[in-house]
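Since the structure comes first, as C-alpha coordinates, the remarks are kept for the end.
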2 protein chains.
Amino acid sequence: MSANPTACLLIIGNEVLSGRTRDANLQFLATRLGEIGIPLREVRVIPDVPEVIVETVNAVRPRFDHVFTTGGIGPTHDDITAECIARAFGVPWEKHPEAMALLTAHYEKQGTEFNAARQRMATVPRGATLIPNPVSVAPGFTIGNVHVMAGVPRIMQAMFEALAPGLAGGRPVLSRSVHADGIYEGQIAEGLGAIQARHPALDIGSYPYYRPDRSGVALVAKGVEEAEVTAAAAEMAALIRQVGKEPAEGEPG
Amino acid sequence: MSANPTACLLIIGNEVLSGRTRDANLQFLATRLGEIGIPLREVRVIPDVPEVIVETVNAVRPRFDHVFTTGGIGPTHDDITAECIARAFGVPWEKHPEAMALLTAHYEKQGTEFNAARQRMATVPRGATLIPNPVSVAPGFTIGNVHVMAGVPRIMQAMFEALAPGLAGGRPVLSRSVHADGIYEGQIAEGLGAIQARHPALDIGSYPYYRPDRSGVALVAKGVEEAEVTAAAAEMAALIRQVGKEPAEGEPG
(Lines give C-alpha, C1' and ligand atoms only; values in the text may rest on other atoms or scores of the structure.)
Protein backbone atom coordinates (compact mmCIF):
# COMPACT_ATOMS: atom_id res chain seq x y z
CA MET A 1 0.00 0.00 0.00
CA SER A 2 3.01 2.24 0.42
CA ALA A 3 2.90 3.44 -3.20
CA ASN A 4 -0.57 4.88 -2.72
CA PRO A 5 -1.01 8.56 -1.89
CA THR A 6 -1.92 9.17 1.76
CA ALA A 7 -4.51 11.24 3.56
CA CYS A 8 -4.86 12.97 6.92
CA LEU A 9 -8.16 14.21 8.36
CA LEU A 10 -8.52 17.18 10.72
CA ILE A 11 -11.83 17.30 12.57
CA ILE A 12 -12.15 20.88 13.81
CA GLY A 13 -14.60 21.62 16.58
CA ASN A 14 -15.01 22.00 20.32
CA GLU A 15 -18.31 20.10 20.13
CA VAL A 16 -16.55 16.82 19.32
CA LEU A 17 -13.92 17.31 22.06
CA SER A 18 -16.60 18.10 24.65
CA GLY A 19 -18.62 15.00 23.82
CA ARG A 20 -21.68 17.04 22.78
CA THR A 21 -21.47 15.81 19.19
CA ARG A 22 -20.51 12.33 18.08
CA ASP A 23 -18.36 12.60 14.97
CA ALA A 24 -19.94 10.94 11.97
CA ASN A 25 -17.41 11.94 9.33
CA LEU A 26 -14.34 9.84 10.19
CA GLN A 27 -15.81 6.49 9.22
CA PHE A 28 -17.35 7.79 5.99
CA LEU A 29 -14.10 9.39 4.85
CA ALA A 30 -11.96 6.42 5.98
CA THR A 31 -14.10 4.08 3.90
CA ARG A 32 -14.35 6.27 0.79
CA LEU A 33 -10.66 7.20 0.85
CA GLY A 34 -9.74 3.51 0.98
CA GLU A 35 -12.02 2.87 -1.99
CA ILE A 36 -10.32 5.52 -4.12
CA GLY A 37 -6.82 4.41 -3.09
CA ILE A 38 -5.89 7.34 -0.82
CA PRO A 39 -5.81 5.54 2.54
CA LEU A 40 -6.35 7.59 5.67
CA ARG A 41 -3.18 7.49 7.80
CA GLU A 42 -3.97 9.87 10.64
CA VAL A 43 -6.85 11.81 12.15
CA ARG A 44 -6.65 14.70 14.58
CA VAL A 45 -9.56 16.26 16.42
CA ILE A 46 -8.65 19.81 17.41
CA PRO A 47 -10.48 22.72 19.08
CA ASP A 48 -11.64 26.05 17.61
CA VAL A 49 -8.42 27.73 18.70
CA PRO A 50 -6.65 29.71 15.94
CA GLU A 51 -3.07 28.90 16.98
CA VAL A 52 -3.85 25.18 17.23
CA ILE A 53 -5.51 25.07 13.81
CA VAL A 54 -2.68 26.98 12.10
CA GLU A 55 0.03 24.90 13.77
CA THR A 56 -1.71 21.60 13.06
CA VAL A 57 -2.40 22.37 9.39
CA ASN A 58 1.24 23.29 8.88
CA ALA A 59 2.43 20.21 10.77
CA VAL A 60 0.45 17.76 8.63
CA ARG A 61 0.33 19.23 5.14
CA PRO A 62 3.98 18.42 4.29
CA ARG A 63 3.58 14.86 5.68
CA PHE A 64 0.56 13.63 3.73
CA ASP A 65 -0.47 13.87 0.09
CA HIS A 66 -3.92 15.15 1.03
CA VAL A 67 -5.30 16.86 4.13
CA PHE A 68 -9.07 16.98 4.56
CA THR A 69 -10.71 19.19 7.17
CA THR A 70 -14.28 19.10 8.47
CA GLY A 71 -16.05 21.78 10.48
CA GLY A 72 -15.81 25.47 11.17
CA ILE A 73 -16.93 27.01 7.87
CA GLY A 74 -20.33 28.39 8.87
CA PRO A 75 -21.29 32.02 9.65
CA THR A 76 -20.75 32.20 13.43
CA HIS A 77 -17.85 33.49 15.55
CA ASP A 78 -16.56 29.97 16.18
CA ASP A 79 -16.33 29.23 12.42
CA ILE A 80 -12.69 30.15 12.00
CA THR A 81 -11.34 27.38 9.78
CA ALA A 82 -11.05 29.39 6.53
CA GLU A 83 -9.32 32.31 8.23
CA CYS A 84 -6.86 29.97 9.95
CA ILE A 85 -6.07 28.09 6.74
CA ALA A 86 -5.24 31.45 5.11
CA ARG A 87 -2.88 32.20 8.01
CA ALA A 88 -1.31 28.74 7.71
CA PHE A 89 -0.59 29.38 4.03
CA GLY A 90 0.46 33.00 4.62
CA VAL A 91 -2.06 34.39 2.15
CA PRO A 92 -4.88 36.95 2.54
CA TRP A 93 -8.36 35.81 3.59
CA GLU A 94 -10.65 37.56 1.15
CA LYS A 95 -14.05 37.48 -0.49
CA HIS A 96 -14.17 35.07 -3.40
CA PRO A 97 -16.11 36.58 -6.35
CA GLU A 98 -17.70 33.29 -7.44
CA ALA A 99 -18.72 32.39 -3.88
CA MET A 100 -20.13 35.90 -3.35
CA ALA A 101 -22.16 35.56 -6.56
CA LEU A 102 -23.51 32.13 -5.57
CA LEU A 103 -24.56 33.28 -2.10
CA THR A 104 -25.93 36.63 -3.28
CA ALA A 105 -28.24 34.80 -5.69
CA HIS A 106 -29.18 32.23 -3.03
CA TYR A 107 -30.20 34.77 -0.37
CA GLU A 108 -31.93 36.99 -2.94
CA LYS A 109 -34.08 34.04 -3.99
CA GLN A 110 -34.86 33.35 -0.33
CA GLY A 111 -35.60 37.04 0.36
CA THR A 112 -33.08 36.91 3.23
CA GLU A 113 -30.43 39.48 4.06
CA PHE A 114 -26.92 38.55 2.87
CA ASN A 115 -25.39 40.07 6.00
CA ALA A 116 -21.78 40.30 7.18
CA ALA A 117 -21.95 36.96 9.05
CA ARG A 118 -23.18 35.15 5.93
CA GLN A 119 -20.51 36.84 3.82
CA ARG A 120 -17.90 35.05 5.97
CA MET A 121 -18.96 31.89 4.14
CA ALA A 122 -17.79 33.45 0.86
CA THR A 123 -14.43 34.51 2.34
CA VAL A 124 -11.58 32.09 1.61
CA PRO A 125 -7.78 32.08 1.35
CA ARG A 126 -6.47 33.80 -1.80
CA GLY A 127 -5.74 31.20 -4.49
CA ALA A 128 -8.30 28.68 -3.22
CA THR A 129 -10.55 26.73 -5.58
CA LEU A 130 -14.17 26.27 -4.50
CA ILE A 131 -15.71 22.89 -3.68
CA PRO A 132 -19.39 22.93 -4.70
CA ASN A 133 -22.05 22.44 -2.04
CA PRO A 134 -25.20 21.02 -3.69
CA VAL A 135 -26.98 20.82 -0.32
CA SER A 136 -26.82 24.34 1.10
CA VAL A 137 -24.81 26.44 -1.42
CA ALA A 138 -22.02 27.82 0.86
CA PRO A 139 -18.91 26.22 -0.69
CA GLY A 140 -15.85 24.46 0.68
CA PHE A 141 -12.47 25.04 -0.90
CA THR A 142 -9.11 23.51 -1.77
CA ILE A 143 -5.80 25.29 -1.34
CA GLY A 144 -2.59 23.40 -2.03
CA ASN A 145 -3.21 19.86 -0.77
CA VAL A 146 -5.74 20.96 1.87
CA HIS A 147 -9.45 20.35 1.24
CA VAL A 148 -11.77 22.28 3.54
CA MET A 149 -15.26 20.83 3.99
CA ALA A 150 -18.34 21.40 6.14
CA GLY A 151 -18.88 19.51 9.40
CA VAL A 152 -22.54 18.61 8.83
CA PRO A 153 -22.32 15.03 7.52
CA ARG A 154 -24.64 15.24 4.52
CA ILE A 155 -23.01 18.48 3.35
CA MET A 156 -19.51 17.05 3.90
CA GLN A 157 -20.42 13.89 1.97
CA ALA A 158 -21.76 15.90 -0.97
CA MET A 159 -18.61 18.04 -0.98
CA PHE A 160 -16.39 14.95 -0.86
CA GLU A 161 -18.21 13.33 -3.78
CA ALA A 162 -17.81 16.57 -5.77
CA LEU A 163 -14.09 16.53 -4.97
CA ALA A 164 -13.30 12.82 -5.35
CA PRO A 165 -13.26 12.47 -9.16
CA GLY A 166 -10.56 15.15 -9.35
CA LEU A 167 -8.25 13.52 -6.79
CA ALA A 168 -5.39 11.46 -8.19
CA GLY A 169 -6.07 8.27 -6.28
CA GLY A 170 -4.11 5.07 -6.10
CA ARG A 171 -5.14 1.44 -6.18
CA PRO A 172 -8.25 0.66 -4.13
CA VAL A 173 -7.55 -0.98 -0.79
CA LEU A 174 -9.18 -4.43 -0.86
CA SER A 175 -10.36 -6.27 2.23
CA ARG A 176 -11.18 -9.92 2.96
CA SER A 177 -12.47 -11.16 6.29
CA VAL A 178 -13.06 -14.53 7.94
CA HIS A 179 -14.45 -15.08 11.40
CA ALA A 180 -15.52 -17.80 13.79
CA ASP A 181 -17.60 -17.82 16.93
CA GLY A 182 -16.02 -19.37 20.00
CA ILE A 183 -12.38 -18.68 19.20
CA TYR A 184 -10.07 -16.48 21.22
CA GLU A 185 -7.26 -14.24 20.01
CA GLY A 186 -4.80 -16.00 22.32
CA GLN A 187 -5.35 -19.28 20.40
CA ILE A 188 -4.55 -17.90 16.95
CA ALA A 189 -2.11 -15.10 17.77
CA GLU A 190 1.06 -17.02 16.91
CA GLY A 191 -0.30 -18.36 13.60
CA LEU A 192 -1.67 -14.97 12.63
CA GLY A 193 1.69 -13.33 13.30
CA ALA A 194 3.24 -15.88 10.92
CA ILE A 195 0.68 -14.96 8.22
CA GLN A 196 1.52 -11.26 8.67
CA ALA A 197 5.24 -12.12 8.42
CA ARG A 198 4.64 -14.02 5.15
CA HIS A 199 2.70 -11.07 3.69
CA PRO A 200 4.48 -7.89 4.76
CA ALA A 201 2.68 -5.86 2.06
CA LEU A 202 -0.68 -6.64 3.67
CA ASP A 203 -2.25 -5.27 6.80
CA ILE A 204 -3.47 -8.27 8.82
CA GLY A 205 -5.73 -7.50 11.78
CA SER A 206 -7.53 -9.44 14.49
CA TYR A 207 -10.73 -8.09 16.05
CA PRO A 208 -12.61 -9.83 18.85
CA TYR A 209 -16.38 -9.34 18.79
CA TYR A 210 -18.92 -9.63 21.57
CA ARG A 211 -22.57 -10.22 20.73
CA PRO A 212 -25.33 -10.92 23.22
CA ASP A 213 -25.57 -14.51 21.96
CA ARG A 214 -22.07 -15.29 20.78
CA SER A 215 -18.54 -13.99 20.63
CA GLY A 216 -15.46 -14.77 18.61
CA VAL A 217 -12.78 -13.20 16.49
CA ALA A 218 -12.78 -11.66 13.00
CA LEU A 219 -9.55 -11.75 10.99
CA VAL A 220 -9.08 -9.15 8.28
CA ALA A 221 -6.52 -8.89 5.45
CA LYS A 222 -6.18 -5.60 3.58
CA GLY A 223 -4.02 -4.69 0.63
CA VAL A 224 -4.00 -3.65 -3.00
CA GLU A 225 -3.01 -7.00 -4.60
CA GLU A 226 -6.14 -9.08 -4.96
CA ALA A 227 -4.29 -12.41 -5.31
CA GLU A 228 -2.29 -11.81 -2.15
CA VAL A 229 -5.33 -10.67 -0.14
CA THR A 230 -7.18 -13.82 -1.26
CA ALA A 231 -4.21 -16.05 -0.38
CA ALA A 232 -3.99 -14.53 3.10
CA ALA A 233 -7.73 -15.02 3.63
CA ALA A 234 -7.32 -18.71 2.79
CA GLU A 235 -4.45 -19.01 5.27
CA MET A 236 -6.56 -17.32 7.95
CA ALA A 237 -9.39 -19.78 7.27
CA ALA A 238 -6.94 -22.69 7.61
CA LEU A 239 -5.70 -21.25 10.91
CA ILE A 240 -9.24 -21.20 12.28
CA ARG A 241 -9.70 -24.85 11.23
CA GLN A 242 -6.48 -25.73 13.09
CA VAL A 243 -8.12 -24.67 16.36
CA GLY A 244 -11.12 -26.85 15.57
CA LYS A 245 -13.64 -24.28 14.34
CA GLU A 246 -15.29 -23.71 10.97
CA PRO A 247 -14.41 -20.31 9.45
CA ALA A 248 -17.18 -18.15 7.97
CA GLU A 249 -16.53 -15.68 5.16
CA GLY A 250 -16.94 -11.97 5.77
CA GLU A 251 -17.54 -10.01 8.91
CA PRO A 252 -19.67 -11.42 11.75
CA GLY A 253 -23.23 -10.21 11.17
CA MET B 1 -11.30 26.61 31.97
CA SER B 2 -7.63 27.31 31.46
CA ALA B 3 -6.78 26.47 35.06
CA ASN B 4 -8.09 22.92 34.65
CA PRO B 5 -5.68 20.10 33.80
CA THR B 6 -5.93 19.00 30.16
CA ALA B 7 -6.18 15.66 28.38
CA CYS B 8 -5.21 14.22 25.02
CA LEU B 9 -6.54 10.94 23.63
CA LEU B 10 -4.64 8.65 21.26
CA ILE B 11 -6.82 6.11 19.46
CA ILE B 12 -4.43 3.46 18.20
CA GLY B 13 -5.59 1.12 15.47
CA ASN B 14 -5.66 0.52 11.73
CA GLU B 15 -9.26 -0.62 12.01
CA VAL B 16 -10.49 2.89 12.82
CA LEU B 17 -8.41 4.47 10.02
CA SER B 18 -9.68 1.94 7.46
CA GLY B 19 -13.33 2.55 8.36
CA ARG B 20 -13.86 -1.08 9.45
CA THR B 21 -14.56 -0.05 13.04
CA ARG B 22 -16.45 3.03 14.17
CA ASP B 23 -14.75 4.45 17.22
CA ALA B 24 -16.98 4.42 20.27
CA ASN B 25 -14.48 5.64 22.85
CA LEU B 26 -13.97 9.30 21.96
CA GLN B 27 -17.43 10.49 22.98
CA PHE B 28 -17.43 8.50 26.23
CA LEU B 29 -14.04 9.84 27.29
CA ALA B 30 -14.81 13.41 26.15
CA THR B 31 -17.94 13.42 28.29
CA ARG B 32 -16.43 11.78 31.37
CA LEU B 33 -13.25 13.88 31.26
CA GLY B 34 -15.36 17.07 31.14
CA GLU B 35 -17.32 15.83 34.15
CA ILE B 36 -14.18 15.32 36.23
CA GLY B 37 -12.66 18.64 35.13
CA ILE B 38 -9.90 17.32 32.83
CA PRO B 39 -11.25 18.57 29.49
CA LEU B 40 -10.15 16.76 26.34
CA ARG B 41 -8.13 19.15 24.17
CA GLU B 42 -6.96 16.94 21.31
CA VAL B 43 -7.51 13.49 19.85
CA ARG B 44 -5.29 11.66 17.39
CA VAL B 45 -6.13 8.45 15.59
CA ILE B 46 -2.93 6.71 14.54
CA PRO B 47 -2.03 3.41 12.89
CA ASP B 48 -0.34 0.30 14.35
CA VAL B 49 3.07 1.54 13.18
CA PRO B 50 5.76 1.54 15.88
CA GLU B 51 7.56 4.72 14.80
CA VAL B 52 4.28 6.65 14.59
CA ILE B 53 3.15 5.51 18.04
CA VAL B 54 6.50 6.33 19.68
CA GLU B 55 6.76 9.72 17.99
CA THR B 56 3.15 10.67 18.75
CA VAL B 57 3.34 9.67 22.43
CA ASN B 58 6.48 11.74 22.86
CA ALA B 59 4.96 14.69 20.97
CA VAL B 60 1.88 14.90 23.17
CA ARG B 61 2.96 13.84 26.66
CA PRO B 62 4.81 17.09 27.44
CA ARG B 63 1.91 19.19 26.08
CA PHE B 64 -1.00 17.79 28.11
CA ASP B 65 -1.45 16.91 31.76
CA HIS B 66 -2.85 13.48 30.88
CA VAL B 67 -2.58 11.29 27.80
CA PHE B 68 -5.05 8.42 27.42
CA THR B 69 -4.58 5.70 24.83
CA THR B 70 -7.08 3.12 23.59
CA GLY B 71 -6.32 0.00 21.59
CA GLY B 72 -3.47 -2.35 20.86
CA ILE B 73 -3.02 -4.17 24.18
CA GLY B 74 -4.31 -7.63 23.22
CA PRO B 75 -2.29 -10.79 22.43
CA THR B 76 -1.88 -10.55 18.63
CA HIS B 77 1.00 -9.31 16.45
CA ASP B 78 -0.74 -5.96 15.82
CA ASP B 79 -1.05 -5.27 19.58
CA ILE B 80 2.08 -3.19 19.94
CA THR B 81 1.00 -0.30 22.15
CA ALA B 82 2.74 -1.43 25.39
CA GLU B 83 6.03 -2.14 23.63
CA CYS B 84 5.91 1.25 21.88
CA ILE B 85 5.13 3.13 25.10
CA ALA B 86 8.20 1.49 26.68
CA ARG B 87 10.29 2.69 23.73
CA ALA B 88 8.80 6.19 24.02
CA PHE B 89 9.82 6.32 27.69
CA GLY B 90 13.19 4.65 27.05
CA VAL B 91 12.56 1.86 29.55
CA PRO B 92 12.54 -1.95 29.19
CA TRP B 93 9.35 -3.75 28.20
CA GLU B 94 9.13 -6.59 30.68
CA LYS B 95 6.82 -9.04 32.38
CA HIS B 96 5.00 -7.47 35.32
CA PRO B 97 4.87 -9.91 38.30
CA GLU B 98 1.40 -8.84 39.45
CA ALA B 99 -0.04 -9.02 35.91
CA MET B 100 1.60 -12.44 35.39
CA ALA B 101 0.06 -13.68 38.64
CA LEU B 102 -3.40 -12.37 37.69
CA LEU B 103 -3.34 -13.94 34.24
CA THR B 104 -1.76 -17.22 35.41
CA ALA B 105 -4.62 -17.64 37.88
CA HIS B 106 -7.20 -16.64 35.25
CA TYR B 107 -6.06 -19.13 32.60
CA GLU B 108 -5.54 -21.88 35.19
CA LYS B 109 -9.15 -21.46 36.29
CA GLN B 110 -10.27 -21.62 32.65
CA GLY B 111 -8.05 -24.64 31.95
CA THR B 112 -6.52 -22.75 29.03
CA GLU B 113 -2.86 -22.53 28.11
CA PHE B 114 -1.14 -19.31 29.24
CA ASN B 115 0.94 -19.21 26.08
CA ALA B 116 3.52 -16.71 24.82
CA ALA B 117 0.92 -14.62 22.99
CA ARG B 118 -1.18 -14.26 26.14
CA GLN B 119 1.91 -13.42 28.19
CA ARG B 120 2.32 -10.31 26.02
CA MET B 121 -0.71 -8.95 27.89
CA ALA B 122 1.30 -9.11 31.14
CA THR B 123 4.31 -7.34 29.59
CA VAL B 124 4.48 -3.61 30.30
CA PRO B 125 7.02 -0.79 30.50
CA ARG B 126 9.24 -0.94 33.60
CA GLY B 127 7.86 1.36 36.28
CA ALA B 128 4.26 1.16 35.08
CA THR B 129 1.34 0.83 37.51
CA LEU B 130 -1.45 -1.54 36.51
CA ILE B 131 -5.01 -0.39 35.73
CA PRO B 132 -7.43 -3.13 36.82
CA ASN B 133 -9.65 -4.80 34.21
CA PRO B 134 -12.78 -6.13 35.93
CA VAL B 135 -14.20 -7.36 32.60
CA SER B 136 -11.50 -9.63 31.15
CA VAL B 137 -8.56 -9.52 33.61
CA ALA B 138 -5.71 -8.42 31.28
CA PRO B 139 -4.77 -5.02 32.78
CA GLY B 140 -4.03 -1.60 31.37
CA PHE B 141 -1.29 0.52 32.88
CA THR B 142 -0.13 4.04 33.71
CA ILE B 143 3.40 5.27 33.21
CA GLY B 144 4.20 8.94 33.83
CA ASN B 145 1.14 10.85 32.63
CA VAL B 146 0.18 8.21 30.02
CA HIS B 147 -2.76 5.90 30.73
CA VAL B 148 -2.94 2.86 28.45
CA MET B 149 -6.37 1.26 28.08
CA ALA B 150 -8.07 -1.40 25.98
CA GLY B 151 -9.90 -0.56 22.74
CA VAL B 152 -13.02 -2.66 23.39
CA PRO B 153 -15.48 -0.05 24.74
CA ARG B 154 -16.82 -1.89 27.77
CA ILE B 155 -13.32 -2.86 28.89
CA MET B 156 -12.03 0.68 28.27
CA GLN B 157 -14.93 2.15 30.24
CA ALA B 158 -14.30 -0.16 33.19
CA MET B 159 -10.59 0.72 33.13
CA PHE B 160 -11.37 4.43 33.01
CA GLU B 161 -13.74 4.20 35.96
CA ALA B 162 -11.05 2.34 37.91
CA LEU B 163 -8.58 5.09 37.05
CA ALA B 164 -10.79 8.19 37.44
CA PRO B 165 -10.93 8.49 41.26
CA GLY B 166 -7.13 8.67 41.37
CA LEU B 167 -6.81 11.45 38.79
CA ALA B 168 -6.38 14.97 40.17
CA GLY B 169 -9.24 16.61 38.30
CA GLY B 170 -10.28 20.22 38.11
CA ARG B 171 -13.65 21.91 38.24
CA PRO B 172 -16.35 20.14 36.25
CA VAL B 173 -17.16 21.74 32.89
CA LEU B 174 -20.80 22.85 33.04
CA SER B 175 -22.99 23.19 29.97
CA ARG B 176 -26.27 25.03 29.30
CA SER B 177 -28.12 24.90 25.99
CA VAL B 178 -31.03 26.71 24.40
CA HIS B 179 -32.46 26.02 20.96
CA ALA B 180 -35.23 27.06 18.62
CA ASP B 181 -36.72 25.51 15.52
CA GLY B 182 -36.87 27.70 12.43
CA ILE B 183 -33.88 29.92 13.15
CA TYR B 184 -30.71 30.12 11.06
CA GLU B 185 -27.14 30.69 12.20
CA GLY B 186 -26.85 33.69 9.85
CA GLN B 187 -29.57 35.51 11.83
CA ILE B 188 -27.97 35.20 15.23
CA ALA B 189 -24.26 35.11 14.36
CA GLU B 190 -23.53 38.74 15.18
CA GLY B 191 -25.39 38.68 18.50
CA LEU B 192 -23.77 35.38 19.46
CA GLY B 193 -20.32 36.76 18.73
CA ALA B 194 -21.11 39.63 21.11
CA ILE B 195 -22.11 37.15 23.84
CA GLN B 196 -18.81 35.28 23.35
CA ALA B 197 -16.93 38.59 23.55
CA ARG B 198 -18.68 39.47 26.83
CA HIS B 199 -17.78 36.05 28.31
CA PRO B 200 -14.26 35.22 27.18
CA ALA B 201 -13.92 32.55 29.89
CA LEU B 202 -16.79 30.58 28.36
CA ASP B 203 -16.89 28.46 25.25
CA ILE B 204 -19.98 29.57 23.27
CA GLY B 205 -20.99 27.35 20.36
CA SER B 206 -23.68 27.32 17.69
CA TYR B 207 -24.88 24.03 16.18
CA PRO B 208 -27.49 23.78 13.44
CA TYR B 209 -29.68 20.66 13.57
CA TYR B 210 -31.66 18.96 10.84
CA ARG B 211 -34.53 16.66 11.76
CA PRO B 212 -36.96 15.08 9.32
CA ASP B 213 -39.75 17.33 10.62
CA ARG B 214 -37.92 20.46 11.74
CA SER B 215 -34.57 22.18 11.81
CA GLY B 216 -33.04 25.01 13.77
CA VAL B 217 -30.03 25.96 15.82
CA ALA B 218 -28.82 24.94 19.29
CA LEU B 219 -26.68 27.41 21.25
CA VAL B 220 -24.38 26.03 23.93
CA ALA B 221 -22.42 27.77 26.70
CA LYS B 222 -19.72 25.82 28.55
CA GLY B 223 -17.54 26.83 31.44
CA VAL B 224 -16.68 26.17 35.08
CA GLU B 225 -18.47 29.18 36.69
CA GLU B 226 -22.11 28.26 37.12
CA ALA B 227 -23.31 31.88 37.46
CA GLU B 228 -21.58 32.92 34.25
CA VAL B 229 -22.82 29.89 32.29
CA THR B 230 -26.38 30.66 33.47
CA ALA B 231 -26.03 34.35 32.55
CA ALA B 232 -24.82 33.46 29.05
CA ALA B 233 -27.72 31.01 28.60
CA ALA B 234 -30.16 33.82 29.47
CA GLU B 235 -28.49 36.11 26.93
CA MET B 236 -28.71 33.39 24.26
CA ALA B 237 -32.42 32.96 25.02
CA ALA B 238 -32.92 36.75 24.67
CA LEU B 239 -31.09 36.65 21.33
CA ILE B 240 -33.47 33.99 20.04
CA ARG B 241 -36.45 36.12 21.12
CA GLN B 242 -34.97 39.07 19.21
CA VAL B 243 -35.35 37.12 15.96
CA GLY B 244 -38.98 36.39 16.82
CA LYS B 245 -38.76 32.79 18.11
CA GLU B 246 -39.37 31.25 21.49
CA PRO B 247 -36.23 29.60 22.95
CA ALA B 248 -36.49 26.12 24.47
CA GLU B 249 -34.18 24.96 27.26
CA GLY B 250 -31.72 22.14 26.63
CA GLU B 251 -30.75 20.35 23.47
CA PRO B 252 -33.28 19.70 20.68
CA GLY B 253 -34.84 16.28 21.32
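The values are calculated or read from the model by the stated rules, or taken from the named source; none is laboratory data. Just so you know, these numbers come straight off a predicted model, no measurement behind them. Every residue, glycine as well, gets a Cβ built from its backbone with ideal geometry; the counts of neighbours run over all protein chains shown. With ligands, DNA and RNA removed, areas are computed over all heavy atoms of the protein, side chains included. Shrake-Rupley method; radii C 1.70, N 1.55, O 1.52, S 1.80 Å.
The residues of segment A:81-99 that are closer than 22 Å to residue A:137 by Cβ and surrounded by 15 or more Cβ atoms within 10 Å (Cβ to Cβ), listed by number, are A:81, A:82, A:83, A:85, A:86, A:93, A:96, A:99. Suppose we filter A:31, A:81, A:21 for residues that are out of contact with any Leu (no Cβ under 8 Å at 6 or more places or on another chain) and closer than 20 Å to residue B:48 by Cβ; which single one remains? Checking each option against the conditions leaves just A:31.
What do you reckon, is residue B:189 open to solvent by less than 30 Å² (accessible area, probe 1.4 Å), within 21 Å of residue A:19 (Cα to Cα) and in contact with a helix residue (DSSP H, G or I) (Cβ under 7 Å, 6 or more places away or on another chain)? I'd like the intermediate steps shown before the answer.
Numbers: open to solvent by less than 30 Å² (accessible area, probe 1.4 Å): yes; within 21 Å of residue A:19 (Cα to Cα): no; in contact with a helix residue (DSSP H, G or I) (Cβ under 7 Å, 6 or more places away or on another chain): yes.
Answer is no for this residue.
For segment B:92-139, list the strands (runs of 3 or more DSSP E) that sit wholly inside it and hold at least 3 residues that are in contact with a Phe, Trp or Tyr (Cβ under 7 Å, 6 or more places away or on another chain); which are they? Passing ranges, in order: B:123-125, B:129-131. Taking the listed residues B:196, B:242, the one that is open to solvent by 10 Å² or more (accessible area, probe 1.4 Å), of a type in the set (S, T, N, Q), closer than 20 Å to residue A:20 by Cβ and not assigned by the TED database to the domain that holds residue B:38 is B:196, with no other qualifying. The lone criterion from (1) within 30 Å of residue B:144 (Cα to Cα); (2) surrounded by fewer than 20 Cβ atoms within 10 Å (Cβ to Cβ); (3) within 14 Å of chain A (Cβ to nearest Cβ) left unmet by residue B:166 is number (3). Checked against the criterion of being touching a strand residue (DSSP E or B) at 6+ places or on another chain (Cβ under 6 Å), charged (D, E, K, R), open to solvent by 20 Å² or more (accessible area, probe 1.4 Å) and under 27 Å from residue B:13 (Cβ atoms), the candidates A:44, A:61 yield just one match: A:61.
Residues in segment B:214-233 that are without any contact (Cβ under 8 Å) to a residue 24 or more places away in the chain and touching a strand residue (DSSP E or B) at 6+ places or on another chain (Cβ under 9 Å): how many? Write out each step before concluding.
First pass over segment B:214-233, keeping only residues without any contact (Cβ under 8 Å) to a residue 24 or more places away in the chain: B:227.
Subset that is touching a strand residue (DSSP E or B) at 6+ places or on another chain (Cβ under 9 Å): none.
Residues flagged as without any contact (Cβ under 8 Å) to a residue 24 or more places away in the chain and touching a strand residue (DSSP E or B) at 6+ places or on another chain (Cβ under 9 Å) within segment B:214-233 amount to 0.
Scanning segment B:175-186 for residues that are open to solvent by 40 Å² or more (accessible area, probe 1.4 Å), more than 19 Å from residue A:17 (Cβ to Cβ) and more than 9 Å from chain A (Cβ to nearest Cβ) yields a count of 1. For segment B:165-174, the criterion of a residue being of a type outside the set (Val, Ile, Thr), closer than 30 Å to residue B:242 by Cβ and within 28 Å of the chain's Cα centre (by Cα) is satisfied by at least one position.
Out of B:97, B:92, which single residue is in contact (Cβ under 8 Å) with a residue 12 or more places away in the chain and either within 14 Å of another protein chain (Cβ to nearest Cβ) or not hydrophobic (A, V, I, L, M, F, W, C) (or both)? Give the derivation first.
Numbers: B:97 fails: in contact (Cβ under 8 Å) with a residue 12 or more places away in the chain.
After ruling out the rest, the residue left standing is B:92.
Residues of segment B:210-237 being over 24 Å from the mean Cα position of the chain (by Cα) and closer than 29 Å to residue B:4 by Cβ, which ones? Write out each step before concluding.
Residues of segment B:210-237 over 24 Å from the mean Cα position of the chain (by Cα): B:210-217, B:227-228, B:230-237.
Within segment B:210-237, B:217, B:227, B:228, B:230, B:231, B:232, B:233, B:234, B:235, B:236, B:237 meet the criteria.
Scanning segment A:18-61 for residues that are assigned to a helix (DSSP H, G or I), hydroxyl-bearing (Ser, Thr, Tyr) and facing another protein chain (nearest Cβ under 8 Å) yields a single hit, A:31.
Within segment A:56-79, residues that are under 11 Å from residue A:145 (Cα atoms) reach partners that are among the charged types (D, E, K, R) with beta carbons closer than 6 Å, at six or more positions or on different chains, in the pairs A:67/A:61. Reported count of residues in segment B:190-216, each being over 10 Å from residue A:77 (Cβ atoms) and facing chain A (nearest Cβ under 9 Å), is 4.
In segment B:16-34, the residues that are over 30 Å from residue B:223 (Cβ atoms) and open to solvent by less than 50 Å² (accessible area, probe 1.4 Å) form Cβ pairs under 7 Å with partners that are at pLDDT 95 or above and assigned to a helix (DSSP H, G or I), at six or more places apart or across chains, as follows: B:17/A:30; B:18/A:30; B:18/A:34; B:19/A:27; B:19/A:30; B:19/A:31; B:19/A:34; B:21/B:15. Of the residues making up segment A:135-163, those that are over 17 Å from residue A:85 (Cα atoms) and open to solvent by 20 Å² or more (accessible area, probe 1.4 Å) are A:135, A:136, A:137, A:152, A:153, A:154, A:157, A:158, A:161, A:162, A:163. Out of curiosity, is residue A:206 touching a strand residue (DSSP E or B) at 6+ places or on another chain (Cβ under 6 Å), over 25 Å from residue B:118 (Cα atoms) and open to solvent by less than 70 Å² (accessible area, probe 1.4 Å)? No: the conditions fail for residue A:206.
Out of curiosity, is residue B:37 crowded, with 17+ Cβ neighbours inside 10 Å and either modelled with pLDDT under 95 or touching a Pro at 6+ places or on another chain (Cβ under 6 Å) (or both)?
Considered against the rule, which asks whether it is crowded, with 17+ Cβ neighbours inside 10 Å and either modelled with pLDDT under 95 or touching a Pro at 6+ places or on another chain (Cβ under 6 Å) (or both), residue B:37 comes out as yes.
Of the residues making up segment A:100-134, those that are of a type in the set (Val, Ile, Thr) and either at pLDDT 95 or above or open to solvent by less than 10 Å² (accessible area, probe 1.4 Å) (or both) are A:104, A:123, A:124, A:129, A:131.
Determine whether segment B:4-15 contains at least one residue that is at the interface with chain A (Cβ under 9 Å from one of its Cβ atoms) and assigned to a helix (DSSP H, G or I). Walk me through how you get there before you give the answer.
Step one: filter segment B:4-15 for residues at the interface with chain A (Cβ under 9 Å from one of its Cβ atoms), giving B:9, B:11, B:13-15.
After this cut, where a residue has to be assigned to a helix (DSSP H, G or I) as well, the list is B:14-15.
Among the residues of segment B:4-15, at least one is at the interface with chain A (Cβ under 9 Å from one of its Cβ atoms) and assigned to a helix (DSSP H, G or I), which makes the answer yes.
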